[in-house]
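The values are calculated or read from the model by the stated rules, or taken from the named source; none is laboratory data. Because the structure is predicted, anything quoted here is derived from the model rather than measured. Here the Cβ positions follow ideal geometry from the backbone for every residue, glycine too, while neighbour counts run over all protein chains shown.
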Amino acid sequence: MTTLTERIFGRERTELKIVFALVTLTLAAILIYPLACVLFESVKDDAGAWTLANYTAILSGGRFWRALANSFTVSGISAAIAAVLAFGCAYGLHFTRLSPWAKKCFQIVILLPLFLPSITYGFAVIYSFGRLGLVSQLFGTLPFSIYGFWGLLIADVIYTLPPAFLILSNAFHYIDRNTITVSRLMGDSPWRTFYISALRPVVGAICSAFILSFFLSFTDFGIPVSIAGKYDVIATELYATMMGAVPDFGKGAVIAMAMLVPSIASVALLKYAERFNFRYNRINFRPPVVNRMRDAFFALYYAVIALVLLSVFAVMFVVPFVEQWPYKPVFTLTVITRILTDSSVWVVYGNSVGVAFASALAGTVLCYAAAIVNARSRLNGWCRTTMDSFAMLTNTVPGMVLGIGFLFAMSGTPLANTFAILVLANIVHFFTSPYLMAASALSKMNAGWETTGALMGDTWLKTVMRVVVPNSAATLWQMFQFIFVSSMVTISAVVFLAGARTMLLTTKIKELQYFEKFEEIFVLSLLIFFTNVAAKLICDFLAERARKNPEGGLLSILTRRGSRNRQSSYVSLGA
């Protein structure tokens, strides 16, 4: 029996080692190598000799420090505002008795910005709050210029509010409501009860929401390039250095390395913030007590936030359907017909959808394979640690730094100026979240399925394909959806890699900005939005279908592959 066990698990370890080697080599080639190229480029001069002259030139200049200070300022303030607003949104979702349909509608509205590229936010804010904007014409102009700090602040809050809300909403879901009852029985004041039952348990999540919002604002390129104006930030400084009239790759590499420092610090702070999270032995989901004043306040709170978000993005649905905004606001289909009948638009749209689909397909496979090594293997601990380390590293690298790394690493190779390089950049850029989703799902599944399959004579790979994959189909669809949507809206990494032949919708929007063709920009943004919504609806439907019948896929595969007795033995042994 010992010999049989050793043979079974030895074969499994061999197959897992192959998977581990393939994943490690792939991530090393598309993550470690490009980052190393950025580092080496920062310490070389034009002749290829080692030098620190690039660092000296950048760090001794006032422009870099001014841009860095501006980035810290606007990112810090916008992150604080987003975290506070998100806390109120998540609290009202879980601690009020508003009707479920009202809560669902608000969740849809607050998550709408996730389906649009960040570069669109800036243009939407300009067309909404600018001197001739939609909101300004209805309610009056703002007392400050929309270009620069204030425009960045508004757009960054809108950009970071949805992810901050998701973090806090998830945290509130795991709060034990019995603490409210206990606090009231102890005679605590309403504010004391609020602190004990709602604020203190999510302090860690609030910190995480702030840090994530800061990281997203600090590293984003789309919003600053559209609305920053003369207010220099680190992202626009990097782009100007790399893609300006006289590109300086050495100094650009130095700025890219500087962007890594706050990013790494943000991830370290996220890990530190986890120690403040509460963990309950049991969670009680009893509904909150009736309080009409509280519910009315949050209904108004939701209405104001929803109104602001919808007023910002409503302009996208108005400008393409009027003759000339804002001078001739007469309804017409001429503008949108002219744009959509342009064949070049559909070529770029096809490029974006194709790259997003390929990125989602290949990225899901890679993330799933890495998660299997972590969650369902008997390999040495350092193998699982390696997968987690890759996930942490990809989470710390800004998209712009990754794009520059690919530019340096792939220049002069057959991959340069191809769709393949865009797909590889997306895969590594969005590796972390799908990997964590898969690792969490796989770790919760029956640990005996692989052993059962081995005892019945199946290889490890066959067991994974027959049993593990069908039972994690819902998670796989969620992973695919995340990477597809993220690939459709990203610009930070691909802006350095997409060329005239490989143009994507987001980089096309960046190009149209120079010609001030805002009608085309909003039409392309709508194409991205509706494509992402359709992808979400399809993936959600397939995921829900797989979730409702988790064994259906497994049993149907077993029916085609083996006898009825073998099926029942497989399921009973693995149960």
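Among the residues of segment 361-387, what is the count of those that are in contact with a Pro (Cβ under 7 Å, 6 or more places away or on another chain) and among the hydroxyl-bearing types (Ser, Thr, Tyr)?
1
Answer yes or no as to whether residue 420 is in a helix (DSSP H, G or I) and surrounded by fewer than 18 Cβ atoms within 10 Å (Cβ to Cβ).
The answer is yes for residue 420.
Would you mind telling me which numbered condition in (1) crowded, with 17+ Cβ neighbours inside 10 Å; (2) farther than 18 Å from residue 526 by Cα; (3) in the same structural domain as residue 501 (by TED's automatic domain parsing) residue 385 fails?
(1)
With the requirement that a residue be in a helix (DSSP H, G or I) and either among the polar types (S, T, N, Q) or farther than 25 Å from residue 102 by Cβ (or both), what does segment 316-338 give you?
Residues satisfying the conditions are 319, 320, 321, 334, 335, 336, 337, 338.
What do you reckon, is residue 37 part of a helix (DSSP H, G or I), touching a Phe, Trp or Tyr at 6+ places or on another chain (Cβ under 9 Å) and not assigned by TED's automatic domain parsing to the domain that holds residue 239?
yes
If a residue has to be surrounded by fewer than 22 Cβ atoms within 10 Å (Cβ to Cβ) and modelled with pLDDT under 90 to count, how many in segment 469-510 make the cut?
7
Does residue 26 satisfy the criteria of being under 20 Å from residue 258 (Cα atoms), part of a helix (DSSP H, G or I) and modelled with pLDDT of 90 or more?
Against the criterion (under 20 Å from residue 258 (Cα atoms), part of a helix (DSSP H, G or I) and modelled with pLDDT of 90 or more), residue 26 does not qualify.
Sort out which residues of segment 496-518 are in a loop (DSSP other than H, G, I, E, B) and either under 16 Å from residue 342 (Cα atoms) or of a type in the set (D, E, K, R) (or both), and write them in order of number.
Selection gives 501, 503, 504, 516, 517.
Here is a list: 332, 337, 341. Which entry is closer than 17 Å to residue 526 by Cβ and touching a strand residue (DSSP E or B) at 6+ places or on another chain (Cβ under 9 Å)?
When all the criteria are applied, what remains is 332.
Does residue 111 qualify as being surrounded by fewer than 21 Cβ atoms within 10 Å (Cβ to Cβ), touching a helix residue (DSSP H, G or I) at 6+ places or on another chain (Cβ under 7 Å) and outside any helix (DSSP H, G or I)?
Here the answer is no, as residue 111 does not meet what is asked.
For segment 284-337, give me each residue that is of a type in the set (Asp, Glu) and at pLDDT 85 or above.
Listed by number, the list holds a single entry, 295.
Hey, among 155, 124, which residue is small (Gly, Ala, Ser), in contact (Cβ under 8 Å) with a residue 40 or more places away in the chain, over 14 Å from residue 216 (Cβ atoms) and not assigned by TED's automatic domain parsing to the domain that holds residue 399?
After ruling out the rest, the residue left standing is 124.
Quick one: residue 565 ticks every box in (1) modelled with pLDDT of 80 or more; (2) part of a helix (DSSP H, G or I) except a single one, so which number is it?
Failing condition for residue 565: (1).
From the list 525, 440, exactly one residue is within 30 Å of residue 384 (Cα to Cα) and of a type outside the set (Lys, Arg). Which is it?
440
Sort out which residues of segment 1-23 are at pLDDT below 90, among the β-branched types (Val, Ile, Thr) and either within 14 Å of residue 427 (Cα to Cα) or surrounded by 15 or more Cβ atoms within 10 Å (Cβ to Cβ) (or both), and write them in order of number.
8, 19
Report whether or not residue 361 is farther than 15 Å from residue 497 by Cα, of a type outside the set (Lys, Arg) and surrounded by fewer than 22 Cβ atoms within 10 Å (Cβ to Cβ).
Yes; evaluated as a whole, the condition is true for this residue.
Out of 386, 418, which single residue is of a type outside the set (A, V, I, L, M), over 19 Å from residue 21 (Cβ atoms) and touching a residue at least 24 places away in the same chain (Cβ under 8 Å)?
Only one candidate passes the filter, namely 418.
Would you pick out the residues in segment 511-539 that are more than 16 Å from residue 226 (Cβ to Cβ) and loosely packed, with under 15 Cβ neighbours inside 10 Å?
If the condition is that a residue be more than 16 Å from residue 226 (Cβ to Cβ) and loosely packed, with under 15 Cβ neighbours inside 10 Å, then 530, 533, 534, 537, 538 are the ones that fit.
How many of the residues making up segment 41-62 are surrounded by 12 or more Cβ atoms within 10 Å (Cβ to Cβ) and in a helix (DSSP H, G or I)?
8
Take the conditions among the polar types (S, T, N, Q) and touching a residue at least 24 places away in the same chain (Cβ under 8 Å) and apply them to residue 136. Does it pass?
no
Condition first: assigned to a loop (DSSP other than H, G, I, E, B), surrounded by 22 or more Cβ atoms within 10 Å (Cβ to Cβ) and not charged (D, E, K, R). Now tell me which residues in segment 176-221 satisfy that.
221, the sole residue that qualifies.
What pairs come up if the first residue lies in segment 191-209 and is in the same structural domain as residue 167 (by TED's automatic domain parsing), the second is polar (S, T, N, Q) and assigned to a helix (DSSP H, G or I), and their beta carbons are under 7 Å apart, counting only those six or more places apart or on different chains?
192/183; 193/183; 196/179; 196/183; 197/179; 197/183
Among the residues of segment 40-91 satisfying the criterion of being touching a Leu at 6+ places or on another chain (Cβ under 7 Å) and among the small types (Gly, Ala, Ser), which is modelled with the lowest pLDDT?
Among those that are touching a Leu at 6+ places or on another chain (Cβ under 7 Å) and among the small types (Gly, Ala, Ser), it is 90.
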